[in-house]
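Beneath this line is the structure, given in structure tokens, with notes to follow.
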Amino acid sequence: MTSLQKKRILLIAPALGPIGSGENGGVERRIRDMIRALGKRRYHITVMALPGSTGIDATIITVAGTPPFDATKISRQTEPMYPSGNAVVAMWEAARLVQNRFDCIIGLQYDIPAYQASVHFTTPVGHIVTVGSQNHSIDRALRAAYRRSPDQIAFLSKSQAASYPQVTHPTIFPIGTTVDTAIFRPSLNPQRRLIWAARIYREKGLHIATAVAHRLALPLDICGRKQDPEYFMQCVEPYPQLQWSYHGFLPDRAFAQVIGSASVMLAPYLSPEGIPGTVMASLACGTPVVGTPAGGISDVITPSVGRLVSMDAEVPTFVRAVREAMQLDRQHIPAAIKRYSLEAFADSLEHWIEILIGESKNKA
């Protein structure tokens, strides 16, 4: 950056729930990581989020509204509806009204109004796409925003971006991710138990995790918000002998204790991912990961830190992979995420923001 004056950045959080509720899944941790990364540089961060948001070390602007449909809960063909009073629409209208207070606005929402909003802004707008392709209508809106200005769309990894085949601009992705290694520290003496951590709905594969834990006769820690309580019961009820503990959506330090005590993390996800923060946290703790190559997971899981299993694999294949992962040397696993350091993440974010700001100045 050429100026010593702090750049003012507005982050627009997902509107599925307040930050701290767990409704937004790993994006909540990603927002905290962005604040940590940019806060060490010459940036002042403000976060726009729903009322009741907590745990954010930044100025918060709250905007009320009805949460949108969760794209992970509807089919790819369903047309998402954003009626009057919808929180996504309200957030972007509020951001438009205060845009002159900021040098750049970054959205972390996978929603149609978010991708359509930038035409109404004079302040540079960028979007970080944190999920793989989920819905045809939202993807069309994303693609239209990309065609207007390719630089405004950023992804976490190349594998995640590949789930959007029409979006191929090579200079803006992968923007990467990071993990707080001051909290998620190596743990070399795990218990013989497994962990699964995500928002609880079918595409996250909890039913596979419970089947694997039952087959191995190992206790299972379950962490995450119950997006689909009925599905949760369908996962645990078939195995009355399974020892499982439900922890809910944990704060980072409590989550680090649970994940560090596990022998293996299960990540049998069934739809494209970004780079899940839970997977990064697991590796930072030295806990190997057995997962599917769902988007960005395949960018971080190598044979030295875990096992990748086909999305259509049967439970016995996962069982074999877990047994293999339990033999890995935990002390070498945290080294796998050195390339995802806070400094590297800050460099990537800063580079992208400067592109957005520079492009806006050139248009002016």
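Points to keep in mind about this one:
- On inspection, Pro316 passes the criterion of being surrounded by fewer than 19 Cβ atoms within 10 Å (Cβ to Cβ), touching a Lys or Arg at 6+ places or on another chain (Cβ under 9 Å), at pLDDT 95 or above and over 19 Å from Arg32 (Cβ atoms).
Table: residues versus (1) in a helix (DSSP H, G or I); (2) within 15 Å of Ala209 (Cα to Cα).
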{"position": "Gln227", "(1), (2)": "no, no"}
{"position": "Tyr231", "(1), (2)": "yes, yes"}
{"position": "Tyr239", "(1), (2)": "no, yes"}
{"position": "Leu242", "(1), (2)": "no, yes"}
{"position": "Tyr246", "(1), (2)": "no, yes"}
{"position": "Leu250", "(1), (2)": "no, no"}
{"position": "Arg253", "(1), (2)": "yes, no"}
{"position": "Val258", "(1), (2)": "yes, no"}
{"position": "Ala262", "(1), (2)": "no, yes"}
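- Only one of Ala197, Ala211 that is among the aliphatic types (A, V, I, L, M), at pLDDT 95 or above and closer than 30 Å to Phe345 by Cβ: Ala197
- Restricting attention to region 79-108, the residues being assigned to a loop (DSSP other than H, G, I, E, B), touching a helix residue (DSSP H, G or I) at 6+ places or on another chain (Cβ under 7 Å) and at pLDDT 95 or above number 2.
- A single entry from Ser159, Ser163 fulfils the requirement of being in contact with a Gly (Cβ under 8 Å, 6 or more places away or on another chain), at pLDDT below 90, surrounded by 18 or more Cβ atoms within 10 Å (Cβ to Cβ) and in a loop (DSSP other than H, G, I, E, B): Ser163.
- Filter pass, Arg29 being surrounded by 19 or more Cβ atoms within 10 Å (Cβ to Cβ), charged (D, E, K, R) and either closer than 17 Å to Ile175 by Cα or free of Cβ contacts under 8 Å to residues at least 24 places away in the same chain (or both): yes
- Just one of the listed residues (Arg202, Arg193, Arg215, Arg148) is within 19 Å of Ile355 (Cβ to Cβ), basic (Lys, Arg) and over 15 Å from the mean Cα position of the chain (by Cα), and it is Arg148.
- Taking the criterion of being without any contact (Cβ under 8 Å) to a residue 40 or more places away in the chain, under 18 Å from Ser157 (Cα atoms) and assigned to a loop (DSSP other than H, G, I, E, B), the residues of region 291-311 that qualify are Ile301, Thr302.
- Taking region 220-240 as the range and being buried (at least 17 other Cβ atoms within 10 Å of the Cβ) and not polar (S, T, N, Q) as the test, the residues that pass are Leu220, Asp221, Ile222, Cys223, Gly224, Arg225, Lys226, Asp228, Phe232, Cys235, Val236.
- Odd one out for Leu206 among (1) in contact with a Cys (Cβ under 9 Å, 6 or more places away or on another chain); (2) modelled with pLDDT under 95: (2)
- Residue match in region 283-290 (condition: under 20 Å from the mean Cα position of the chain (by Cα), in a helix (DSSP H, G or I), modelled with pLDDT of 95 or more and not polar (S, T, N, Q)): yes
- Candidates are the residues of region 36-55 that are surrounded by fewer than 19 Cβ atoms within 10 Å (Cβ to Cβ) and free of Cβ contacts under 8 Å to residues at least 40 places away in the same chain; the one that is nearest to Met91 (Cα to Cα) is Pro51.
The values are calculated or read from the model by the stated rules, or taken from the named source; none is laboratory data. These figures come from a predicted structure and were not determined experimentally. Neighbour counts are summed over all protein chains in view; Cβ atoms, including those assigned to glycine, are modelled from backbone coordinates with ideal geometry.
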